[in-house]
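A short reminder: the numbers here are calculations on the coordinates, not readings from a lab. Small disclaimer: the values here were computed from a predicted structure and weren't measured. Here the Cβ is made from the backbone with ideal geometry for all residues, glycine too, and neighbour counts use every protein chain on show.
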C-alpha cells in the first residue's frame, strides 16, 4: 500500500480511497489493482466519530429504503466553491483538457443537484510536474501546499495523470476546523483522483466521472456502504443503507448481489459510496442526503458548519463535545453488555493523575529503598529502575492497545474473555479476573501498610532507639485505611480534583526534596558511586542474582498503571483517554524516578546506618542526616506522606471499581451486593467496603512476619503482572487480530513488544517470591507465594461451588473480531456487533 504523508492535519483526518478489480490502464500501462487503503472510522478524527454516532442514534429512520435517484429534483440549498487542479507529467502535458474538466464538473453536479448540493467550478489550473503528477512520497502534500485555494469549506480536487499506488482516488473526511484555523493546518484537505477517470479518460468502465462523485462523498462526511465489512453493527453510521459485508466490483444485477442474506435488503450496488463501475451508480439514500445536509433538528444546515464539523446544537462547543462523548461511551458500554451506573466525571488529566498517584514514585521508591540497598545498591537502584521502566512502558502500551478496543471497568478480566475463543473465555476471564482482583487488593494493602510504617518511622527521627511493635503498626495501618475509605465514600465528588492535585504535589515535592538535599549535604558521593557502584554482600545472594531480586523495588513502584482501566466507566471518552493516560503515566513515572534517585544517591549517607534503622524505613533517617536535624528530616518526610495520601486513596478507588466490575458478573461471593452502586453516593459502596476489609485482615500477617511488607509487594507485583500478561498472551496466540485496528496501535513492532512483556512477566513470577536476603528465617521469609496460593485456593473453591455451573464470563454479546466479517462471535454464537465500527473495522478493501 502506498500512503501519502500529511502534516498538521494528520491526527484529524481519515483517508478514504476507491479501488476496482485488477486491470491494466491502456493509457498509462499502470496496473490498477485491489488496493488495501486501510480506511475505517478508527482513522477519522474523534470529533467526526462522536458526531456521526450521535447523528445515527438521534436520527429518524426513513420509512422506506428507497434511494433518492438522479431522476428526482431538489432545489440546491448548498453551493460549494470548487477548484480543479490538473497535474500531468511532461510526457502527458495537454492530454487532460479543459473540456474534460467541464464535463467532470457537470457529472458532479448531475449526481449532487438532486439532493440539494451544487458545485461551482471557480477555476481549473494546469500544472506540469513529473513528481506531482504521480503524488509519491511527500509530492502529494507539496502539490496541495502550493496549489490549494479557498477556505476549509471550499472543495479542492487534484487530478493526477499517473496517480501512485494503483488507485482511482483518495480523499479526506471532515475534521474539526474553526474559522480561526490557519490554512497551514488543513491544506491537505481535499481529494486526489486519477485523471483517467474523468469523462473522456482512458479508464474504460470507470471514465464517466463517478470516481470524483464517490470521493466527494467522503469529503462531505460519508463512509463506504460496506464500512466494517459486516452484516451487523452500525456500518457506515447511516440508518437506511442496507447491511453489506463486501465491496462491489462491476455491476452485478443478475442475480442481485447480496452479501448479507440474513438481513433485509440486497447490497446497494447503485449507491455512489459502493465500489461499483461508473455506469452502475445512480443514487444516495435519504439518510445519506440527511447526513450531507445535516438534520435540521440536530445541527445547523450550512455547509460552513458541516465542514467545520457537524456541530451539535445545545450549549457551548465544549459542552456539546462532552455530551456526545459521554453518550457514545454509555452506548458502547451497553453494547458490551453493561449498563452505565457511574457518573462520567473524570478527565484524561484526572486518570493520568490517578495512575501517577497509584505508582507514587517518590513514595514507592522511598518505602522500598532498603531492598535495593541490600541487593546491589547504586547499580540496582539506577539501572534497575531504567530497565523496569522500559519494560513497564512496553506492558502499558500493550494494555493500552487492548483498552482502546474494549474500554470497560472489567479491564484485563473483560479483555481476556473478548479475545479468547468461546470454549476458553469463561476460564480465561475467571483466572485473569481473580489475579487482577488480588493484585488490586494487595497493591492497595502494600501502599497503605508501608505508609503506616512510614508514619510511625517519623517518631524515630527524635527517638532513634524507638520502634513500633506489631500492634502499633497494625492499628496505624487500620486507621490509615479508614482515612482512605472515608475519602472514597464521602468525598467521591472531589476525586477528580484530588487526582489532578496529585500531579502538582508530586512534582513540587520531588523538586523541593532534591534541591534541599543537594543544598544542605556536607558530603557528596562520586559519579562513579552513583552510576557504577555495586555491592550485594548484605543480601547473601550471588551478585548477579541479587540484582534481579532487587528489581522488586522498581517493579512494585511501577506496577499500578493497569489499575486505571477499572475507571473506564467514569471517563467521557475512555477508548481514547485511558490508553493515553496509561502510557503517559509510566513515561512520567520513569522520568520522575530518575530525577528523584540520582540526587538521592549523590547525598547517600553511610549505607549500613540506613539498613540498621529499627523501623525498616530508612528514608526519614536519610533526610535527617543530610539536613542535619530531625525537624528538617520530618519536613521532607511530610512531602512523601502527602504523596502517600494520594496513593492510598487512589489505589483504594481503583480496587473498589475492580471489585465491583468483577462481582457484577457473579465471580465473587456476595456478588448480588458487591456488583451494585450506591445511588446516594454514586460509588460501588460494597465493593469499597470489601476492598477495605480484605486489606485490613491481610494486615494481620504482620503478627507472624515482620517482613510482611515484602510479601505484600511481591504478591501484588506477581498478581498484577500475571493479570496484565494473560490478555496479552491470548492476543499473541490469536495473531493479534483483535487489536489490529485499535486506535492506539503498536504497529509492526506489536508482536515483538508483546513477547518481551510475556518474557519479563514469566521471570517476575520467580523473582518476586524470593526473600530480599539470605539466610531465611520464619520472620524474614517472603510469604508472597503463600498469599498467592491462599487466594488461588479460594478462587478454585468458589469456582467449584459456584463458577463451574453459573459463571459464563462477562456478557460478551457481540462480534468485535474484524476477521469474522459479520459472522457470530466465537464466544456467544449470536448477537449484534457491539463496539461500533471501531471494533470491527475493515481489514482491507477487497
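Observations on the model:
- Surface/4 of the Cα convex hull for the stretch 671-729, nm²: 5.9 nm²
- FRET efficiency, residue 98 to residue 256 (Cβ-Cβ, R0 41 Å, nearest 0.05): 0.55
- Least to most buried among 413, 534 (fewest other Cβ within 10 Å first): 534, 413
- Measuring r between the beta carbons of residue 390 and residue 511 and using R0 = 30 Å, the FRET efficiency lands at 0.75.
- Residue exposure sequence - 388, 772 - by fewest surrounding Cβ within 10 Å: 388, 772
- Net lengthening on full extension, residue 471/residue 766 (0.36 nm per residue, minus Cα-Cα): 103.0 nm
- Mean Cα-pair separation over length for the stretch 521-671, i.e. relative contact order, pairs under 8 Å, 6 or more apart, %: 23 percent
- The ranking of 53, 672 by Cβ neighbour count inside 10 Å, starting from the fewest, reads 672, 53.
- Cα centroid separation, the stretch 575-644 to the stretch 180-199 (Å): 54 Å
- Relative contact order, whole percent, for the stretch 338-812 stands at 33, derived from Cα pairs under 8 Å and 6 or more residues apart.
- Among 78-87, 572-581, 461-470, the order from most to least packed when residues are scored by Cβ within 10 Å on average: 572-581, 78-87, 461-470
- Subtracting the Cα-Cα distance of residue 697 and residue 609 from 0.36 nm times their residue separation leaves 28.4 nm of extension gain.
- Förster-model FRET efficiency, 51 Å R0, residue 424 and residue 504, C-beta, rounded to 0.05: 0.70
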